[in-house]
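Every number in this text was worked out from the coordinates using simple rules, so none of it is lab data. The structure displayed is predicted, hence computed values, not measured ones. A quick note on method: Cβ atoms are made from the backbone with ideal geometry, for glycine too, and the neighbour counts reach across all protein chains shown.
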Amino acid sequence: MREQLPSEIEDFRDFTWHRELARRVETAEEAEQFIGRAGFTALLTDRRHPGPSLYIAVCGRRDAQLPRNVQKDPESSLTWVLKDEIVRRGRVYYGKIARSKAMFIAPRMIPHFMAIWGVHKRDEKRRLSEPARAILKALRREWEMATADLREDSGITDRKAFNHAIDELQKAMIVVPGEVVYAPKFTYIWTLAEARFPKQLAERINRGIALREIARCFLDGAGMTVPGELARVTGLSRPDAGLGNRALVAEGYATSPSLGTYLLAKE
């Protein structure tokens, strides 16, 4: 992917995605500001994956690569600590959404992601599995529950089935981790996404507009996108990614010098 990009585009991404030592992220406040500017970002992807990443921003270099033993690596450890604090603060959206990848979403982009991946209450019975609905029913009684309590109250005691259902609810943008607790033992405290972002999740966005704005958000930080890149970063299908990018060309926000390649239009 990197070999296809001009050096000026790489330099542009170094600045916007904090791949420079002088712009490295070190605090939760700086991380939230980075997410706010990027619009959305992965948690722990490295140089082998396109798109913005909190881990790369913590490292402050474009060639950052996760080591095999992440527990002993100071940069990946700091990324994980920042993630826990961001989750606790609840100012940006965090969860496993597209393709069950852990990612952050700035509040302004939540309605657009909801329009693509979200499941509304009227559609839950049709679109959610039975285990996911059982977990959701239990959580709606309490609003916040630790993993063990939620497994017991929902009746989904099989660990694999529970984890699969929780991932399903996260992808549907219904349930999010609200806090991470390490003592007396490690657990997530789960909560309803609408409890933290009621206004954004209630907003109704046309699907075509959502595709366009997700494409715009990525192009603003990337400067240029090559075939398949937007789909890989966001989890959109390639046809949907193409629809979003072509909408930007139609309004003059981007140009397309070749099939599947899009550039920010020069002012």
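Sorted from greatest to least, the principal axis extents spanned by the alpha carbons of the chain come out as 55, 44, 29 Å. Here Lys171 is the anchor, and the lysines within straight C-alpha reach of less than 27 Å, apart from those fewer than 8 places off in the same chain, are Lys83, Lys96, Lys101, Lys121, Lys125, Lys137, Lys160, Lys185, Lys199. The alpha-carbon atoms of region 179-267 define a convex hull whose volume equals 142 cubic angstrom per residue. Ordering His164, His18 by the number of other Cβ atoms within 10 Å of each residue's own Cβ, fewest first, gives His164, His18. On full extension, the segment bounded by His164 and Gln65 gains 32.8 nm, given 0.36 nm per residue less the C-alpha separation.
Over region 2-107, the ratio between the Cα radius of gyration and 2.2 N^0.38 Å evaluates to 1.01. Its alpha carbons considered, region 56-142 gives a radius of gyration followed by a Dmax of 16.9, 46 Å. The phi torsions of region 125-131, fed into the Karplus equation with coefficients 6.51, -1.76 and 1.60 and a -60° offset, translate into couplings of 5, 7, 9, 9, 6, 4, x Hz, rounded to whole numbers, with Gly and Pro shown as x. A Förster distance of 41 Å, applied to the separation of the beta-carbon atoms of Ser7 and Lys137, puts the FRET efficiency at 0.15. The protection proxy used here, the mean number of other Cβ atoms lying within 10 Å of each residue, ranks peptides 208-217, 48-57 as follows, highest first: 48-57, 208-217. Computed from label points 7 Å out along Cα-Cβ, the spacing between Leu243 and Arg48 is 3.2 nm. With r as the distance between the Cβ atoms of Ala146 and Arg126 and R0 = 22 Å, compute the FRET efficiency 1/(1 + (r/R0)^6) and round to 0.05. E(calc), rounded to 0.05, equals 0.15. Here region 141-267 is treated with +1 on each Lys and Arg Cβ and -1 on each Asp and Glu Cβ, and its dipole about the Cα centre works out to around 400 debye.
Just add up the charged neighbours of Arg127: K/R +1, D/E -1, any other residue whose Cβ is under 15 Å from the Cβ of Arg127. With Lys, Arg at +1 and Asp, Glu at -1, the net is +1. Mean sequence separation of contacting Cα pairs (under 8 Å, at least six apart), scaled by the length of region 9-144, corresponds to a relative contact order of 22 percent.
Positive end of the dipole of the chain (Cβ unit charges, origin at the Cα centre): among Leu136, Ala148, Cys59, the Cα lying farthest that way belongs to Leu136.
With contacts taken as Cα pairs under 8 Å at a separation of at least 6 residues, region 134-259 carries a relative contact order of 19 percent. For region 241-257, 3J(HN,Hα) computed residue by residue from phi via the Karplus equation (6.51, -1.76, 1.60; θ = phi - 60°) reads 4, x, 4, x, 5, 5, 5, 5, 5, 4, 8, x, 7, 9, 10, 10, x Hz, glycine and proline entered as x.
Working note: Karplus 6.51/-1.76/1.60 with θ = phi - 60° gives region 224-230 the couplings 7, 10, 9, x, x, 5, 4 Hz, where Gly and Pro are set to x. Residues whose amide H comes within less than 5 Å of that of Ala265, counting only those at least five positions distant or on another chain, are Ala254, Thr255 (H built at 1.01 Å from N in the peptide plane).
For the chain, the relative contact order comes to 18 percent (Cα pairs under 8 Å, sequence separation of at least 6).
Determine the percent antiparallel among the DSSP beta bridges restricted to the chain, to the nearest 5. The answer is about 95 percent antiparallel.
Write down, largest first, the equivalent ellipsoid semi-axes of region 96-208 in whole Å, where each equals the square root of 5 times an eigenvalue of the alpha-carbon gyration tensor. Computed over region 96-208, the values are 23, 16, 12 Å.
Shown is the FRET efficiency for Ala22 and Ala250, computed with R0 = 41 Å from the Cβ-Cβ distance and rounded to the nearest 0.05: 0.65.
Working from label points 7 Å from Cα in the Cα-to-Cβ sense, the Arg91 to Ala202 distance is 2.3 nm. Here's the picture: charge each Lys and Arg Cβ at +1 and each Asp and Glu Cβ at -1 in the chain, and of Ile110, Ala172, Gly235 the one pushed furthest to the positive end of that dipole is Ala172.
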